[in-house]
1. With respect to the cross-link table entries A:Lys233/B:Lys331; A:Lys335/B:Lys331; A:Lys129/A:Lys166, which display a Cα-Cα separation exceeding 27 Å?
2. Give, rounded to the nearest 20 debye, the magnitude of the charge dipole that the protein assembly as shown has about its Cα centre when Lys and Arg contribute +1 at Cβ and Asp and Glu contribute -1 at Cβ.
3. Take peptide A:299-312, look around each residue's Cβ out to 10 angstrom, count Cβ atoms belonging to other protein chains, and average those counts.
4. Grab the beta carbon distance between B:Arg422 and B:Asp351, set R0 = 25 Å, and tell me the FRET efficiency rounded to 0.05.
5. Defining a contact as two alpha carbons under 8 Å apart and six or more residues distant in sequence, what relative contact order in percent does chain A show?
6. Round to the nearest 0.05 the FRET efficiency obtained for A:Asp72 and B:Ala399 when R0 = 51 Å and r is the Cβ-Cβ distance.
7. Which of B:Ile219, B:Leu419, B:Ile438 sits farthest toward the positive end of the charge dipole of the protein assembly as shown, with +1 on the Cβ of Lys and Arg and -1 on the Cβ of Asp and Glu?
8. Please arrange B:Ile78, B:Ile262, A:Ile354, A:Ile237 by how many other C-beta atoms lie within 10 Å of their C-beta, fewest to most.
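Read-outs throughout are calculated quantities, based only on the coordinates presented, and are distinct from any laboratory measurement. Bear in mind the structure is a predicted one, so any value in this text is a computation, not a measurement. Here the Cβ positions follow ideal geometry from the backbone for every residue, glycine too, while neighbour counts run over all protein chains shown.
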Amino acid sequence: MITSITHNEIQTLSNALAEPAWLFDKRMSVFDQSAVSQLGDQSYGIGLQARYSSSLFADGDFSVSGALVSCDEAKVYHFDSAIKEKKLAQLVSRYMFMRPKEIVAKSFSSVTGAAFTDGYLVMIPQADKEFELIITSQEEYAMTYCLVVLPPSATVNVRETIHAPKTHSVIIEYVVSESARLSLIAFEDAKADHALCIHRTILAAKNANASVTIATRGEGVVSSTTCGYALDKDASIIIHNAIHATARAMFDIVTSVVHETAHTHSKLFAREVLADVAHVLHRGNIIMSPLAQGSDGYQKQEALLLSPRARYNPVPNLDIATHDVTCSHGVSATKLSDMMSFYGMSRGLTCEQIQALYIDSYFDEALSLITPQQQFEVKEFLLGLQTQEAYDPQH
Amino acid sequence: MNDFSTTQNRELYEHADADHSRLKSRPGLSEEIVKLISSQKNEPEWMLQKRLAGFALHQKTAMPTWGPNLTALNLDEIVYFVRPDTQEASDWGKVPDEIKKTFERLGIPQAEREVLGGVGAQYDSDVVYHSLKKELSDKGVIFENMDVAVQKYPELVKEYFMTQCVPINDHKFIMIHAAAWSGGTFIYVPKGVKVELPLQAYFRMNAYAGGQFEHTLIIADEGSELHYIEGCSAPRYNSNSLHAGCVEIFVKKNARVRYSSIENWSKNTYNLNTKRALVDEGGVIEWVNGNMGSGVTMLYPASILRGRGARSDSLGIAFAGAGQHQDTGSKVIHVAPETKSTITAKSISKDGGIASYRGYVRVAPTAINSSVAVECDALLLDPQSVSQTYPTMLLETDAVDMAHEARVGKIGDEEIFYLMSRGMTQEQATQMVVAGFIEPIVKSLPLEYALELNKLIELEMEGSVG
């Protein structure tokens, strides 16, 4: 049984999957050997390294099918077939790990990028409609890679859901071509004793627009990174996070936008609710390259702390390498005000009802990118039935 | 102080005296040099053991890899101990002419006469001048050279020196400091005594490839008040210098300490300094820092608020010009309930300089009903310059009110246009906007120092337009 992932194991895996040399090189471009030893640490000691190593490479069986990807009417190619078609292979070769730095930076994504067993290419058609991208993991501890390509000028809504057993690690890279519009809603659900590791890359071309709403909830471990790259003029990337961490949840959230060129725009906004003994580490990065003149970036992280034992750890970074930009950030944390509780109770509500009402409205601003119907759905996901139960006087 | 009506120039700070040292260790730090420093100062055994423990830790610890690039700093080339050819005096007349001239150029004796309650002047590794106004010594205020304090107040120093505030294993440069420290200031303000006039120490590094490791230990007893000012400068050589000082401040119950420093080391100096305060119930620590010089600065004054109602206010300004990386910020750890902290950091980057704000605020579970406000603003004067903001916050209780804001931008064209329409040149207009930008910091300094800071900014801004 293999107990660690090294260059040799990745080579063996790539050979077993009959991959061309360039795909092996892609794997190695994001692999950092030191990441393997850090895997347990960055995932809050849940011991992912040992689990991944032992499950994926047990008895040299590299043919394990870790995950299935479906996406309505979009064309979904497993890498088995994609790499055999010249045009598709060129597409994968061009965009896969185009910006590897952030993938290498986090141990789980580095290992996943190097050792994924299932790779998919999803070609979104030129249609103004909603697609549901579903990644279903069939095996415990699977590692999946998915490249989603939007054609130029497409206007697409994507609803991204991951169904996985206890532990799953996935890298999803979205290519938003010139003048395309991506509206993405992502659902990240970590039940107690579950671990979900997600790395999203968003590559926005000239005049492209990506509006991303990420809803994260649960009592387990979530390591979620979303990195946007504004590659060309007038590209715009907006990322909103709505986070509800309860019980012993441990969330490691990263949202980043890199402005690589002039006149690009970004906005990162998060509303986070922490209860019980949940711990949320949220790192936000806005990076303005020396070529990003005339760009603007903004990030704001706001937290509502519902328990004296919850831990909130915001790190909003700015890295600005040119002067002709507008960039700012802010962080605030607060608890439910006594005044509000008092007023609610004077109107006959219980403490639980007041809290549920407040949380419900607290998420509104983080969900402003999506339709009211979607907002309702996301809130239901974030809060479960809590709100309805709280409203119900019989409850 | 200097004649502020005339334009300053860098020569004032970067002029080098001839080397008249009476003892100069060979480059690099070794156990032998550590023992030499200790024996030269006739130190007690416990201090030698502390130095040796620091040295042993330093040998086992790698250089930090985060923050600014320190690869060009060769610790084996630094001269860790240089004794000037003079003894400490309490009369400027007894200080050797050349050294006195240097301090006169920097305006220290004049400032002592006009606005200070006491002055210490350190030249390389030794304090060459020290004095305190009689009315303060009569009230029991102790203002001493740190080396002298080890001999005169051993119990007090043993209790507070690199124990609970900045332990010797804190980080790589504190380990070096523990091994090689020399000179610095010891201040004790007795209960209830308010020191009306500021006390000042000025640190001057003259030796080629020199290192300065002064130690400042301030104990403000219950209900006392103190304003302490530090200034620093060094000549510019073609070899790197290292400044790794340490400041430990104990703010006892209901005491108040304001610590101001204007660091103006030459641009080949690595300024890797450590400043920390332990603040008890109702105590207040105020940090005012102006970082103008140095090639690389890593400086994050820290406050540990361990008594109920303790407060920390930190004001910082960093100016990063060509070839400079100013990595500055502030740290606050709230441990006790009802504690309060504010951090205001401003930076200006010019000619490709890099200004980084690196902050850390932690509110422990015990620090209920505390509040934190952090504000950092950065001004970029040209397309080559860089601004970085890395604030980290950790809240471990819900009963906290926390707000953080940061803005990065350039000077607005409208502001410059308006000022130019009132008859100013573009350079004057830019200087005026920059002066307004740093006003909150300047306002908190005594007038003479505010003028010096303004003049330094003006000096750095010269030629910024056109």
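1. On the way: A:Lys233/B:Lys331 38 Å; A:Lys335/B:Lys331 23 Å; A:Lys129/A:Lys166 32 Å.
The pairs that break the limit, which is 27 Å between Cα atoms, are A:Lys233/B:Lys331; A:Lys129/A:Lys166.
2. With only Lys, Arg, Asp and Glu charged at Cβ, the dipole is about 800 debye.
3. On the way: counts 1, 2, 2, 0, 4, 1, 7, 1, 2, 7, 4, 5, 6, 9.
If you average over the peptide's residues, the count of other-chain Cβ atoms is 4.
4. Working: r = 27 Å, r/R0 = 1.08.
Computed FRET efficiency for B:Arg422 and B:Asp351: 0.40.
5. On the way: 1028 pairs, mean separation 37.2, N = 395.
Taking the mean separation of contacting Cα pairs over the length of chain A, I get 9 percent.
6. Values: r = 48 Å, r/R0 = 0.94.
According to the calculation, E is roughly 0.60.
7. It is B:Ile219, whose Cα lies furthest towards the positive end.
8. Values: B:Ile78 25, B:Ile262 22, A:Ile354 19, A:Ile237 30.
Fewest to most other Cβ atoms nearby, the residues stand as A:Ile354, B:Ile262, B:Ile78, A:Ile237.
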